[in-house]
Structure formats: C-alpha cells, structure tokens
1. Does the range 134-146 contain at least one residue that is charged (D, E, K, R) and open to solvent by 10 Å² or more (accessible area, probe 1.4 Å)?
2. Scan the range 470-493 and report the pairs whose first residue is of a type in the set (Asp, Glu) and whose second residue is open to solvent by 30 Å² or more (accessible area, probe 1.4 Å) and outside any loop (DSSP other than H, G, I, E, B), with Cβ atoms within less than 8 Å and a gap of 6+ or a chain change.
3. Quick check on my filter: what residues within the range 418-457 are open to solvent by less than 30 Å² (accessible area, probe 1.4 Å) and polar (S, T, N, Q)?
4. In the range 500-514, what residues are on the phi < 0 side of the Ramachandran plot and either among the small types (Gly, Ala, Ser) or out of contact with any Lys or Arg (no Cβ under 6 Å at 6 or more places or on another chain) (or both)?
5. What is the residue count in the range 290-319 for residues that are on the phi > 0 side of the Ramachandran plot and modelled with pLDDT of 90 or more?
6. So is Leu334 out of contact with any Ser or Thr (no Cβ under 6 Å at 6 or more places or on another chain), under 28 Å from Arg165 (Cα atoms), modelled with pLDDT of 95 or more and open to solvent by 20 Å² or more (accessible area, probe 1.4 Å) or not?
7. When Trp238 is evaluated against the numbered criteria (1) in contact (Cβ under 8 Å) with a residue 40 or more places away in the chain; (2) in a helix (DSSP H, G or I), which criterion, by number, is the only one it fails?
8. Quick check on Ser378: is it assigned to a helix (DSSP H, G or I), more than 15 Å from Ala324 (Cα to Cα) and either of a type in the set (D, E, K, R) or more than 18 Å from the chain's Cα centre (by Cα) (or both)?
Amino acid sequence: MNRARLVPLVLAAFALLIGVVMAAAIGQPGYTDAFYYFNGGARIAAGHGLTEAALWTYLGAPAGLPVPSHLYWMPLASLVEAIPLALFGGAFHAAQIPMVLCYVGLVTLAYQIGLRLGNSRRIGWLAAILTMFSGYFMPYWANTDTFALYGLIGALALAAIGWARSHGGVAVWAIGGILCGLAHLTRADGVLFLIVLVIVALWPEGVISHTPTQDHLTPQPPLRPHGEGEAEIAKNRWRGGVKMAAVGIIGYVVIMTPWFARNLNAVGSILPIGGFQTAWMRSYDEIAAYPPGASIGDFLAWGAGNILRSRAEALVIAAETLVAVEGLIVVTPLMLGALWRRRFDPLLSPFILYALGLHAAMTIVFAFAGPRGGLLHSASALVPFWMALGAIGLDGALTWAARRRRWPLEQSKWVFSGALIVLAVALSGMLFTKQVNGWNAAGATLRAIGATLPRDAVVMVNDPSAFYYATGLSAVVVPDSPSSVIPTIAARYGVGYLILDANRTAPLNDLYEGRESPPFLTLMSDQAGVRVYRINSP
C-alpha cells in the first residue's frame, strides 16, 4: 500500500484512539440534549418505540405520558444509538459508539478536504488534526448528542453538492439529496442543506473556471456550441439545473418519507407544527410556556425596539461563535482570508451558502434558540471546511511573510503548523476537562430525590430528560407560566410532585422564594436550594 492511501488509515486510527479516550472520560450524558437522545435510543432498544416519558417542551405535545418522541428534535441520533444499546445492553458507553465512529469519519473527511483544497498532504494533515482537536467542540464529539453525527453527514452533504457542482452526474446529485435527508433527519435545521442543493443546482454554470492549485480564480467566458444563441444556452442550462435539483429532492424525499408518515400517523402532520413557533419567542424560557405556543401577534406586540435588540444580541453571540468556537480564535483570520481567495471554488459554493444561511437563520429568525445551542450544534458541519481553510490560510500568510522577512518558507510552514497544533491541543484539553467534569458531577441531587418518591411517580422538574435518566421516573418540564397552571398540567400528565431549584422559570420566583403558598401544593423538603412539593389532588 502506498503512502497516499496509508495516510487516511493512520489518521483514522489516531482519531479512533482519541475518540475512545474521550468516550471513556465521559461518564454520563451530562446535559439536556445528550440525555434526551440517549433516553430516546434506550427506549427504542427496550421495545418502547419512538416514545418519551420525559417531556421537556409543551409545544405540540399530546396529552398523557408517554407521548410520541422527537416532535421537536429529530430522531436519527436516537435511532443510531439504539443499535449498540440493543446489541450491548443499555449502558451509556454503548450509545457513544456510533458518535465516536462519526468523529473518526469527520477527521478523515477533513484530511480529504484539505488535500483537495490545498493540494498538499501536509495541509490535509493539519486540517485533520485541527478537526480532531477542535476546541469548544472537543467535549461534544463523543457524547450522545448530534454533534458528530450531524457534523459528518452535513459536511459530506456539502462536499457531495460541491462535487456535483464541479463534476456533474445524476448519481452524485442523488447522493447529495440523500445526505440532505439524513441531515434533516438529524436536526430540524438540516433542511438548509436541501435549500443549498437547490440553489447550487439552479445557479448558472460556466461562469468561472477552477484549478485546484489557484488562489485567485479568473472568470472565463462559457463555451458556446456552434450556432447556439445566448437564449438557447441559458434555457438548456436552466433545464439541466432543474433536472439535477429534482434528482436531489427525490433523494431527500426517499429518506424523509418514512419520518413524514410516522408524524402524520402520530400527530396529524408530516412535520410537527410547534418547531417554527420558536421564531416568535420573546425569551428562550417560552419554549416551556403553558399553554404552549408563541404567536406572531404577541411577538409584534413586543415592539420593534425589543425585536431589534434581541437580534442585535443574537448577532453578537453569532460573531463570537464564529471567532472563538468555529475558528479557535487564532484560526479565524486565516480561514476567512483563505475563503475569500477560494470563493470561486465550486467545492466551496455550498459551504459558503450553508454558512451564511445558518448564521442568518440563527440570528434573525431563531434569535433565542440559535444562541442557546442551535448555532453551535449546526456549525459542526462547517468544522472540517474551516480547518482546511485555516491550514491553507496559514500557508498563504507565511508565504506573504517570507517574501518580506526572508524567512525559510518550508521550515516556517512546519514550525507554525506545529505551533498551531500545540495551541489547539492545549485549548481542547482544557475545555474538555472543564466541561466533562461538570457533566460527570451532574444528577446526584436528582437521584437522591428520586429515591424518596414512589416508583410510579410523575414529576415536574427543570430538566425532565436528566431526571428520567437519573431515576427512571417520568417527568414534565417546569412551565414558563404562573403557578396557577400547575394543577392543569398535573391533571393532564398525571404529575404528583414538583421540584424547583435555582434554574426555575421567572413566573415561579414567588413560589420558590416563599412569597406564594398555593393550596394545591404541600412543601415536602427544602434542602440545598432544592424545594420538593407534593401536588394535591383537587
């Protein structure tokens, strides 16, 4: 086997080792999203199907527990986690297996992207290692959330669409559509990939030429068959673009149709109706409002000043995410500079569209869900491209500096590449340790409370997914509503107990701080800032 073919295998082995170490260090999911997807996979593996006994939002939720699962978040992470859980038992580490494998795939893909864009194995190596040690993303790759899964599928979708753009072929467009479907099946905002595919397919062809080693791409006039006029050329291109877009859409529909059918049977619509309502939220806590549903009327009544202020705040967070999270701070100017120079590369056209569309959607439309994790999750698909561009940008910066300072260019490339790797490893290790220590320490209080309750108890608590994982007891979320709605929710879902802690919603402040004592609640315990109430039957 020659060295070129051996490199991806070596990288994959190294990434697998790092992934296994990360997975072993994480003792439990540790936060809501990861708890949710693990619980979903565990219930599927146990034969309970696509149901959930821990309700974290009232948006679109039917009455009675258990309810159909994944009516807000999408199901693919739970589905793939259910496979090793069924094969190897219900342990958390079993559910991490597919995520570790996706992490390995993401690192290997980063090498291929770097090799293609930079035309250099060294750039491919640097892109892969920066993806492997990717700062703020590092703790999440081996957890039971969607980061590694969505990152790999999304990056593959962007690469497939870019390849189809530059090389054509019905099969490649179909593969791109299938990957778009899988991305949407992983996260709701994965539908952006399908929008990108359609735009790229319909975009006029023949406008630019590209050579992989060029930093500056020069527009070239399209070739014209003899005797063919401009109108006919445009018409043929449009027909070809429509055909390829249709092929991609068909691939997407093939993947999504079973999920559409399930939702139609479970809730009467192909996609749950509650998800887009988050665009009208005035605070993130409204996702737990009861009765559920933010309306456009309430949103507009909030006032232009509040709306603009919330979008400005989301824009600041999106900028910080781009610089600190996606670009590891020091990589940001390098990757943005390289992106500008390579902006005409057809492989990057879907990446550019997705990056712009994602950041715009998470700033302008979903200004609360985006900053609270939506942007971080979905930016995982950008990581291998950003790291490849960062490696290329480093080469460009060093080439520029070497001309002016008479540096030995090749030696400088190796030295600065090594320094960048050391920085990435140090930052990733620090963030990983801090985050994982917090995750592993979570849940002790919930387990202690659960041990005091009947085994058939249903509880109202701030994090129902974490409570269900820790105790096995069904739970619903504390509402972002006055305490007067508690008896209604209790009657609907059979809730017998309420747990309030420092993470309560604002309307329940008076109850938590003792200024309110409704007759339908009896205080059972109040220790270490956690208050447990019995909900009295009417």
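1. Checked the range 134-146: no residue is charged (D, E, K, R) and open to solvent by 10 Å² or more (accessible area, probe 1.4 Å).
2. Qualifying pairs under 8 Å: Asp480/Asp285; Asp480/Glu286; Asp480/Ala506; Asp480/Pro507.
3. Correct list: Ser428 only.
4. Step one: of the range 500-514, the residues on the phi < 0 side of the Ramachandran plot are 500-513.
Listed by number, the residues that qualify are Asp501, Ala502, Asn503, Arg504, Thr505, Ala506, Pro507, Leu508, Asn509, Asp510, Leu511, Glu513.
5. So the first thing to find is which residues in the range 290-319 are on the phi > 0 side of the Ramachandran plot, and the list is 293, 303.
Among the residues that remain, those that are also modelled with pLDDT of 90 or more are: 303.
The number of residues fulfilling the criteria is 1.
6. Working: out of contact with any Ser or Thr (no Cβ under 6 Å at 6 or more places or on another chain): yes; under 28 Å from Arg165 (Cα atoms): yes; modelled with pLDDT of 95 or more: yes; open to solvent by 20 Å² or more (accessible area, probe 1.4 Å): yes.
Here the answer is yes, as Leu334 does meet what is asked.
7. Single failed check for Trp238: (1).
8. No: the conditions fail for Ser378.
The values are calculated or read from the model by the stated rules, or taken from the named source; none is laboratory data. Small disclaimer: the values here were computed from a predicted structure and weren't measured. Please note: Cβ atoms are built from the backbone with ideal geometry, for glycine as well, and neighbour counts cover all protein chains shown. With ligands, DNA and RNA removed, areas are computed over all heavy atoms of the protein, side chains included. Shrake-Rupley method; radii C 1.70, N 1.55, O 1.52, S 1.80 Å.
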